[in-house]
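Structure first, then comments.
No value in this document is a laboratory result; all are computed from the given coordinates. Here the structure is a predicted model, which means the values were calculated and not measured. FYI the Cβ positions are ideal-geometry reconstructions off the backbone, even for glycines, and counts take in every protein chain you see.
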Amino acid sequence: MIKAVTGTKDILPSDIPRWKYLEKTVERVFASFNYKEIRTPIFEETALFARGIGEETDIVGKEMYSFTDRSDTSLTLKPEMTAAVVRAYLEHSLGAQQPLVKLFYMSPMFRQERPQAGRFRQFHQFGAEAIGSKSPLLDVEMIQMAYEILKSLGLKNLTVKINSLGTPETRENYKKLLKEFLEDKKNKLSEDSRRRFETNILRIFDSKVESDQKIIKDAPKLVDHLDEESKADFEVVKDQLAKYEIPFEIDPALVRGLDYYTKLTFEIDSGSVGAQTALCGGGRYDLLIETLGGKPTLATGFAAGIERILLACENEKSFTVPVQSIDVYLVRISDELESFVSEIAGKLRKENLLVDFDYLQRSVKAQMREANKLNAKYVLFIGGDEYKEGLMNLKNMSNGVEEKIKFDKVDTIISKLRS
Ligand code: HAM
């Protein structure tokens, strides 16, 4: 039997109510901050991500699902949304219509990572991008929205971590400092970190190897070497977070796995999901729009992993969804009435009521079992002596009260079910 591909997961009908609850919460919070939804294609030209995310990143270097199509174009299933949103922003000149464009999304993403709890190869993100302003208040808005969504889902065990990566010039100066510091310790670093020393030295902070961590712990910190503007913006973020009563930690090692970040970066971690603790991450990306061919435009954003959040919610039992039910289940007492039952069901369904009946020629007892399983609020019995008199029997399942209804009085049922 063919099974789902490693690292992918079916979202079964029993999972859907929790997904819907999360999606509604996300939409509500984004709407209250006036973000508008955008949907972009599942695949893009590979160059978009290679250029946008950075050739030296793990995502571009080893995790992308890239393929060549029949016209010899290299395409990639999107590993993240920011580059795709910027592409759409530029392609449709969204900035010409509005100086600040605030967008949100929910979509599947694809990365060929080693699967484990909370880490998949097809996963889903929701996120937001605000393109067109340098205001650090927008950086705060990202943290605020992410925090508000997680809190609304009832999550408690959260840690907000922030850092500033400064401007590219600051970062270049700092990289020199870091290089000097690591020069004579280079040989003690892991192979990966030795490679990063040459290609992307900041990413050494991402290393999970303990001996690397020991070395890097005493390294000079970027937050202590910020330019004046980045420093001032970082102060605004800290002050504003305190005003919103969002507790946070400064994490100088928070360099993030994508190359486009400048100034503020942040993550929100959960203590309830095992090894993969980051529920969301984001930050400012003031140079990406230029990198992708636009004119200099300042921007900030974040994205969150839905599977990981739902896992945290499950582990914390942070919310429950109402038990699913249907409005009415039609029970057929005499077998020959199948088509009449279907006709009545059709009339009720036209009124947008949630209606079902038996398609398996089951006994009355089995039909009743099904009605109970579906948590039917009412059961409508059709058949027997009543049928000959032109009547049906409507039973209210919460109090057991029964009422006879004429065939041509389906309206009575509708008004009862609506009351
Ligand atoms: P990211 O940190 O790569 O950022 O991903 C954001 C979130 O997606 C992570 O915190 C995690 O919850 C989830 N995630 C990532 N990879 C996986 C995976 N393999 N399985 C399950 N969940 C995963 C970005 O994607 C940036 N585009 C965020 C951003 C938007 N920055 C600015 N704007």
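For helix 168-183, report the angle its Cα long axis makes with the longest principal axis of the Cα atoms of the chain; keep it between 0 and 90° and round to the nearest 10°.
On a 0 to 90 degree scale, this one is about 70.
Of Asn200, Gln97, Gly154, which is farthest on the positive side of the dipole of the chain, counting Cα position, with +1 on Lys and Arg Cβ, -1 on Asp and Glu Cβ, and the Cα centre as origin?
It is Gly154.
Taking one equal scatterer on every alpha-carbon of segment 271-315, how large is log10 of I(q)/I(0) by Debye at q = 0.16, 0.22, 0.25, 0.31 1/Å?
-0.56, -0.71, -0.80, -1.03
On a straight-distance basis, which aspartates and glutamates could pair with Lys20 in a cross-link, Cα separation under 13 angstrom, same-chain partners fewer than 8 positions away excluded?
Glu307
So for each of 355-361, 265-271, 55-61 I average, over its residues, the number of other beta carbons within 10 Å; can you give me the resulting order with the highest mean first? All intermediate terms of the calculation are to be shown ahead of the outcome.
Details: 355-361: 14.7, 265-271: 22.4, 55-61: 17.0.
For the peptides 355-361, 265-271, 55-61, the packing ranking is 265-271, 55-61, 355-361.
Calculate for the chain the 222 nm mean residue ellipticity that helices alone would give, adding -39,500 (n - 2.57) per DSSP H run of length 4 or more and normalising by residue count, nearest 500 deg cm²/dmol.
-11000 deg cm²/dmol
Tell me whether segment 109-196 comes out rounded, prolate or oblate; compute the Cα gyration tensor, take square roots of the eigenvalues as a ≥ b ≥ c, and use a/c under 1.5 as the rounded threshold.
Verdict is oblate for segment 109-196.
From the gyration tensor of the Cα coordinates in segment 260-372, what semi-axes in whole Å does the equivalent ellipsoid have, largest first, with each one equal to sqrt(5λ)? Write out the running numbers ahead of the final one.
On the way: eigenvalues 592, 92, 20 Å².
Here the semi-axes work out to 54, 22, 10 Å.
Could you quote the convex hull projected area for segment 224-281, Cα atoms only and averaged over all directions, in nm²? Spell out each step's value before the answer.
Working: hull surface 19.6 nm².
Answer in nm², one decimal: 4.9.
Give me the lysines in straight-line cross-link reach of Lys347: C-alpha distance below 22 Å, same-chain residues under 8 apart excluded.
Lys377, Lys388, Lys395, Lys404, Lys406, Lys409, Lys416
I need the shape label for segment 32-154. Rule: rounded when a/c is under 1.5, else prolate if a/b > b/c, else oblate, with a, b, c from the alpha carbon gyration tensor.
oblate
Long-range amide H contacts for Met64: which residues qualify at under 5 Å (H placed 1.01 Å from N, peptide plane, sequence gap of 5 or more or a different chain)?
Residues meeting the criterion, in which the H sits 1.01 Å from N, are Gln112.
With a 10 Å Cβ neighbour count serving as the proxy for reagent exposure, in which order, fewest first, do Arg362, Arg418, Arg256 appear?
Values: Arg362 14, Arg418 10, Arg256 21.
Least crowded to most crowded, the residues run Arg418, Arg362, Arg256.
Just rank Met64, Met368, Met1, Met81, fewest to most, by other beta-carbon atoms within 10 angstrom.
Lowest to highest Cβ neighbour count: Met1, Met368, Met64, Met81.
For the chain, build the charge dipole from Cβ charges (+1 Lys, Arg; -1 Asp, Glu) around the Cα centre, then report which of Ile405, Tyr387, Gln240 sits farthest towards its positive end.
Working it through, the farthest residue towards the positive pole turns out to be Tyr387.
What ratio of Cα Rg to 2.2 N^0.38 Å holds for segment 320-419?
1.01
Mind checking which lysines have their C-alpha under 22 Å from Lys62, skipping anything on the same chain fewer than 8 residues away?
List returned: Lys9, Lys78, Lys208.
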